[in-house]
Structures are given as structure tokens and as C-alpha cells.
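Visitor: Structure in C-alpha cells, see below.
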Amino acid sequence: MKAQRAAWLLCWTVAGAAPGAFADETAVRYPDGAATFQANCAVCHGHEGRGQPSLAPPLTAYPAHYIAAAAGRRQLAMTVLYGMFGDIAVDQQHYNFKMPGFVRLGDDALAGVLNYVVFDLAHAPADAKPLNAADVAAAREEPATGEAVRQHRAALIGALGL
């Protein structure tokens, strides 16, 4: 045990960092959302939400911008509920894919995964209002096709100047 601790301290000393220096940077605010993300989204978007070329876009760019606008919050909920089909651009890269919807998951679970994406992966400002189950339930009351979700996104991107 002493040998393991000494080796650990030596690594930190060599790296020039104090033990615990990075603990706050890696803290996950939405662990339940992280678990849902890893089980349902990471296969396409990657474990850190950075996307995969020619498969799925990164989730680290736009969701943080969406959270402050009512239409953006709706976009987030619509996307996880109904998926999205067709060509989109993110950071000047094009993706033409069919994201499945996750309407089978509950409103609390979907709000959790969206908050994980928005706050833990995309690093939205801490003072932004997290999504809740009622936000997802409101979008669930108005079913949409994956194409309609993509069209809503296009209008939102234009309105936000992204």
C-alpha cells in the first residue's frame, strides 16, 4: 500500500501537479445522464461527444448555444425524442445520417442525458437553466419526424447566427 501511494505521488511530482489538482475539471454534474449517454449515444457520437467523421456530428459545439433559447431547448428535446434525418453541418463538416429517436426513454432520463451533453460535454455556462422532464414532456406532446427535427434545427441555427 505504501509503495502504491509513493508511486502515485511520484507521478504527480514528475508531472508537476499537486494531487487533486484536476478533480474539479473532471467532475460530472449529471452522472445519470452520463450513464444514459454512454448506453445510448456514445456508440455514434463517441464517449466524449466529439462525434465520428462521416458517421455522427460532435455534440460539443451547438448544444451549449441552444440552452438559452426556448427554440433551442425544444430542439434538444425533439432531437433525442424523434431523432434527426438528413444533411447537417457542424463546424463546417457535413453529416448525412439517420439518428434514431429515443422516445422509449422516460422524460427524466432524456432530460438527464441532455443536461449531461449541454453542461458536461458542451460546457454551457453554469448559470444556464438545466432542462427538466417537463421540457421533454412538452416536446413529446407534439410528435415530429426526423426530417422535421432537421428543419427545425436549420431555422434555429439561422436564428442564433451559428
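Derivation of every value follows stated rules applied to the coordinates shown; laboratory data play no part. Fair warning: this is a prediction, and the values are worked out from it, not measured in the lab. Cβ atoms come from the backbone with ideal geometry, glycine included; neighbour counts cover every protein chain shown.
Visitor: With a/c under 1.5 counting as rounded, go ahead and sort the stretch 17-162 into rounded, prolate or oblate using the C-alpha gyration tensor (a ≥ b ≥ c being the square roots of the eigenvalues; past the cut-off, prolate if a/b is larger than b/c, else oblate).
Guide: In terms of gyration-tensor shape, prolate.
Visitor: Follow-up question, since we're still on this one. Charges only on Cβ, +1 for Lys and Arg, -1 for Asp and Glu: so what's the dipole of the stretch 29-160 about the Cα centre, in debye to the nearest 20? Numbers along the way, then the final one.
Guide: On the way: 10 positive and 12 negative charges, 29 e Å.
With only Lys, Arg, Asp and Glu charged at Cβ, the dipole is about 140 debye.
Visitor: Could you list Thr79, Thr36, Thr145, Thr60 in order of exposure, starting from the residue whose Cβ has the fewest other Cβ atoms within 10 Å? It would help to have the intermediate numbers written out before the result.
Guide: Numbers: Thr79 26, Thr36 23, Thr145 13, Thr60 19.
Ascending number of Cβ neighbours within 10 Å: Thr145, Thr60, Thr36, Thr79.
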